[in-house]
Amino acid sequence: NCTFINNGTVTWASGTIRGGGTPGTFISNYGLWDAQSDQELNSAYGGASTFFNNFGTFRKSAGTKPNSTTIQGGVGFVNNGTVDAQNGLIQFSGSFANSASTLSVENGATIQIAQAVVLPGGLVTGSGTVQAPSITSSAVVSPGATNAVLNLAGNYTQLLGGSMQFDIGGNSPGVNQSQVNVTGAANLNGLIALRFSPGYVPAVNSSNLVLTAGSRSGQFAFQDHFFLLGQNKRIVPVYSPTNV
């Protein structure tokens, strides 16, 4: 039954955070909220719900899977800034809303969301896993580095306003080219964009496996950097039932 506003740094080193009461608990984070343990935020005091509005960075920097930092059911989480999983698992068991904001997952880390996710904009990046029953995206999905493989666990729909961006410096996913893996069905639209490493020139008849999926439907409507000006070369997208 309180309002808590952070404009600096909260180091969540241990302990459960219990909200609730009437008219509810309201947390606004404008700075850094750093979860360094496997604990939970809940609404254990009943009454009205607990609301967490993130305008800064909500980060998990320590802890290990399968343990997690858990935002329990009864807590409404709204991300207007950055959710940054650097280590372990951040689990959103209650309602989750994401504006044109950022979801960032480092290698081995996971952001797990219990409900279907709609991304009206923003950025999904990293080499870890974003898990949800479904993701409908007008955001930019970009692993962000040539050695990054981003996993989307669930179904993925890219809308006309969405894009996927891949970094290409060779032909080996996770080594010198980035890749996105969708475990469920991928329904494609919008933009596919390529960024080539400085000095890298794709060879004629070379290929890059940039997207894998349990199943694929649709195609990217737009292409960026598919014509290699001055080299008399072009990149051709090739679609199969399970990859691009």
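The values are calculated or read from the model by the stated rules, or taken from the named source; none is laboratory data. All values reported here derive from a predicted model rather than from experimental measurement. Here Cβ is always computed from backbone atoms with ideal geometry, including for glycine, and neighbour counts include all displayed protein chains. The accessibility values were calculated without ligands, DNA or RNA, using every heavy atom of the protein model including side chains. Shrake-Rupley method; radii C 1.70, N 1.55, O 1.52, S 1.80 Å.
Figures for the structure shown
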| read-out | value |
| --- | --- |
| Enumeration of residues in segment 195-225 that are loosely packed, with under 12 Cβ neighbours inside 10 Å and either small (Gly, Ala, Ser) or not in a loop (DSSP other than H, G, I, E, B) (or both) | GLY199, ALA203, SER206, SER207 |
| Lone qualifier among ALA44, ALA35, ALA48, ALA62 - being surrounded by fewer than 19 Cβ atoms within 10 Å (Cβ to Cβ), within 29 Å of GLY122 (Cα to Cα) and in contact with a strand residue (DSSP E or B) (Cβ under 8 Å, 6 or more places away or on another chain) | ALA62 |
| Criterion (touching a Pro at 6+ places or on another chain (Cβ under 9 Å) and in a strand (DSSP E or B)) met by exactly one of LEU150, LEU123, LEU103 | LEU150 |
| So ALA97, is it among the aliphatic types (A, V, I, L, M), open to solvent by 10 Å² or more (accessible area, probe 1.4 Å) and not in a loop (DSSP other than H, G, I, E, B) | yes |
| Lone qualifier among LEU119, LEU160 - being open to solvent by 50 Å² or more (accessible area, probe 1.4 Å) and out of contact with any helix residue (DSSP H, G or I) (no Cβ under 8 Å at 6 or more places or on another chain) | LEU160 |
| Residue check for ILE17: closer than 18 Å to SER104 by Cβ and either in contact with a helix residue (DSSP H, G or I) (Cβ under 8 Å, 6 or more places away or on another chain) or among the β-branched types (Val, Ile, Thr) (or both) | no |
| Condition met for LEU89 (in contact with a Lys or Arg (Cβ under 8 Å, 6 or more places away or on another chain) and either within 25 Å of ASN181 (Cα to Cα) or at pLDDT 95 or above (or both)) | yes |
